[in-house]
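These notes are about the structure you will find just below.
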Amino acid sequence: MKKTVKISLGGVAFDIEEDAFDALDGYIKSLKNHLGNSPETDEIVNDIEERAGELLTEMLGRTQVITLDMVNRVIAILGEPEQIVSDEGETTSQSDSSTYKSDTKKRLYRDPDNAAIAGIGAGLGAYFGIDPLVFRILFIILTFANGFGLLAYIIFWISLPKAETTRQRMEMRGEAINFDNLEKNIKREYQQVKENLNKRNVSTFFEKIFSFFGKIFIALGVALAGLFKAIGVILAITFICVGLLGITAAIGSIFFGGVVISEFSPSYTELALSEFLRSTFDLGSMLWVSIPVFLIVAIPLLAIIYVGLRMVLRFKVRDSVFFVLSASAWIVSFLVLAFVVFMQARSFTIRESVKEQTELITSETEIKTLTLTTQPLDSTLVIPEKPIRFDHYTVAIDNETTSVVGKPKLYFGKASGEKFELVVVKISRGGTKLSARNSAKRISLKYELEGSTLNLYPYFFLSKGDKWRAQEVSITINIPEGKAIYLDKSVEMLISSDQDYTFKWPDELVGKTWVMKDDELVEQ
């Protein structure tokens with residue numbers, strides 16, 4: 001039974017046996033003693049610890065605890081400080097005889113030390129062991145040939161990390177990461193820095209070219225950064241304005257009415273959602289509909305405003321909390337609305353109709369030519385200058401009470417006898433046949449026969465207290481063979497374009513007299 005301790009090596013936590021810890025700790029201390037107080041000591045030791053952590057992670061496998069044998073193999077791979085003869089001499093390492101083999105894989109980096117612009121060419125040259133000038137010339141040729149070189153360079157610039165540490169520069173060149181190589185590389189880099197500070201900067205022709213292009217790239221990058229920043233601000237302000245306008249429109253249309261949404265559907269001219277919902281849903285409180293509808297619309301708009309504010313102000317908050325709460329509220333609102341709509345949809349499952357047929361008889365004389373016109377609106381009924389309409393329904397004001405009125409459809413048929421006939425079919429939906437039929441019976445349609453003139457009211461009304469159940473009214477004027485009908489221009493809005501006895505359009509029928517002859521309306 002052995003004691004274990006917990007350590008952190010290269011940023012990774014390990015459980016290690018006590019004797020293995022003593023060996024590893026002694027190795028690290030011997031490294032520090034060998035290097036002394038040189039400025040590169042800390043960097044070498046940190047790189048050695050990081051490499052040791054990687055090797056131990058590879059060796060662990062299913063084993064949970066680091067043993068002395070593992071530590072000895074790591075030390076053999078990295079090399080003992082005492083094995084180093086000199087900075088320029090060769091080192092004999094036990095890694096050749098070790099049973100555990102560690103291969104250092106090359107990695108692609110940008111080389112900032114030998115960079116002309118961003119170190120892409122230098123990094124590729126170090127990775128492939130080729131003069132960086134080859135890659136630089138290749139990028140220039142591809143840029144002027146088809147523009148691909150510039151795109152590839154930018155992609156490399158964004159995707160490749162910069163080789164900033166000695167360890168990364170060794171990985172870029174494919175050198176084995178052990179104590180000997182680390183020490184040599186770090187000392188060489190310090191020496192190169194000193195030499196670069198002391199020597200005169202002599203630029204070659206190609207270096208001048210790449211320096212020139214480098215300045216262009218940097219200037220272009222600064223300009224693009226400024227442009228993107230300006231676009232971001234404009235986009236953020238747009239998000240905020242769209243969100244605020246959308247929320248204002250939602251509040252107005254849902255809670256106060258009078259907001260048009262005709263742009264969303266060609267069959268809707270102007271629709272006050274509050275009035276439509278109030279006339280459709282049979283609920284004790286409209287809040288069960290209006291609040292979920294508002295939240296479903298407003299929450300995405302609030303998210304847009306939030307994104308816009310973040311883009312402008314760049315404040316730091318926990319976005320996940322905001323979006324989780326917003327998404328939860330939106331889902332709950334959607335489920336509540338879906339449940340309410342599902343329950344109300346049961347009131348539309350059955351469709352029933354009632355038919356009323358009347359012979360148009362006058363006490364004066366037999367009607368040979370029937371004049372068809374519309375009555376003026378009652379003084380109590382007010383249709384706004386810009387009426388609120390959806391499909392063939394209109395939200396009007398009747399006796400200072402908002403109500404839904406509908407437009408009947410007018411058809412022409414052939415009478416079986418010698419008298420004009422008026423056939424009115426009223427249609428409604430309901431949850432049961434009885435409720436649908438009763439709702440249809442309660443539809444109010446006004447008309448009046450004065451001599452040979454039939455005055456139709458241009459709208460039908462729902463009974464007070466009735467909800468909208470897709471009520472419809474069709475009016476059919478049956479014309480006897482050989483008799484005529486004059487259509488006043490005021491009835492054009494009522495005439496259906498789908499007729500059985502004529503192929504004329506409504507605007508072609510009005511203002512003229514038509515005779516029923518051989519199962520067809522013929523202009524007189």
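Tabulated data for the structure shown
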item: ³J(HN,Hα), Karplus 6.51/-1.76/1.60, whole Hz, each residue of the range 451-461, x for Gly, Pro; result: x, 9, 10, 9, 9, 9, 7, x, 9, 10, 10
item: Alpha-carbon spread of the range 349-523, three principal axes, descending order, Å; result: 45, 38, 34
item: Cut-off 12 Å between beta-carbons: net charge of the residues surrounding residue 4, Lys and Arg +1, Asp and Glu -1; result: -1
item: Over 29 Å (Cα to Cα) - which of 441/483; 414/512; 355/467 fall in this group; result: 441/483
item: For the range 48-55, 3J(HN,Hα) per residue [Karplus equation, 6.51 cos²θ - 1.76 cosθ + 1.60, θ = phi - 60°, Hz, x = Gly/Pro]; result: 5, 5, 5, 5, 4, x, 5, 5
item: Ordering of 305-314, 291-300 by packing [mean C-beta count within 10 Å, highest first]; result: 291-300, 305-314
item: 5 angstrom amide H check on residue 410, placed H, neighbours 5+ away; result: 475, 495, 496
item: Cα pair distances of the range 413-506 binned at 10 Å [whole percent]; result: 13, 40, 31, 14, 1
item: Extension gain (nm, one decimal) between residue 107 and residue 223, 0.36 nm per residue minus Cα-Cα; result: 38.5 nm
item: From phi via Karplus (6.51, -1.76, 1.60), per-residue ³J(HN,Hα) for the range 463-475 in Hz, x at Gly/Pro; result: 5, 4, x, 6, 8, 5, 10, 6, 5, 9, 9, 10, 10
item: Cut-off under 5 Å, modelled amide H: who pairs with residue 9 long-range; result: 14
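Read-outs: derived from the displayed coordinates by stated rules, not from any lab. What you see is a predicted model; the values in this text were computed from it and never measured. For neighbour counting, all protein chains shown are included, and Cβ atoms are generated from backbone atoms with ideal geometry for every residue, glycine included.
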